[in-house]
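Written below as structure tokens is the structure these notes are about.
What follows is calculated from the coordinates using simple rules that are stated; it is not laboratory data. Being a predicted model, the structure only gives us computed values, none of them experimental. Heads up, the Cβs are rebuilt from the backbone with ideal geometry, glycines too, and the neighbour counts pull from every protein chain shown.
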Amino acid sequence: MNRLARILTAALVLGFCHPAAAQPAAPAPQGSRTINLQGDGGEQKRMAADVHIHDFYALTKAAFERGPAEVDVATYEQRAFAIFRDFGEKTGVGADRMQDHLKLIPRQVIQIVKDDPKILDSYDNFILALMGPP
């Protein structure tokens, strides 16, 4: 799992996106079974459906519109922070806390897209690059 996926997974696990997600889970039934440590993908699907993540995708596409060499990193980063801050407010986490938690994401996304521009071909590709498979 790449670093960006680990950061976003940590946000989900720590309840940054939905405070209720931080509640302890019910005890697992006895016996042997295989589990996905990232959960059932429900939280990831909810996050992917959020307007803020769609806005971040649109911002990223626009930033790369003239090619990777033309990305204004400072502007992209500040606009991403504005989205993250609003996301934090809307989810009850707090603007400062969410921005601090996701502060490395914009520059990581820039590198990811430079390495593989096809990530911006679709929202699904973008989400897969950000969060990994559900």
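Table for the structure above
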{"item": "Burial ordering of His54, His101, fewest other beta-carbon atoms within 10 Å first", "result": "His54, His101"}
{"item": "Cut-off 12 Å between beta-carbons: net charge of the residues surrounding Lys90, Lys and Arg +1, Asp and Glu -1", "result": "-3"}
{"item": "Proximal charge balance of Ile110 [Cβ under 11 Å; K/R count +1, D/E count -1]", "result": "-1"}
{"item": "Reach of Lys118 by Cα under 22 Å, taken over lysines that are not fewer than 8 positions away in the same chain", "result": "Lys45, Lys61"}
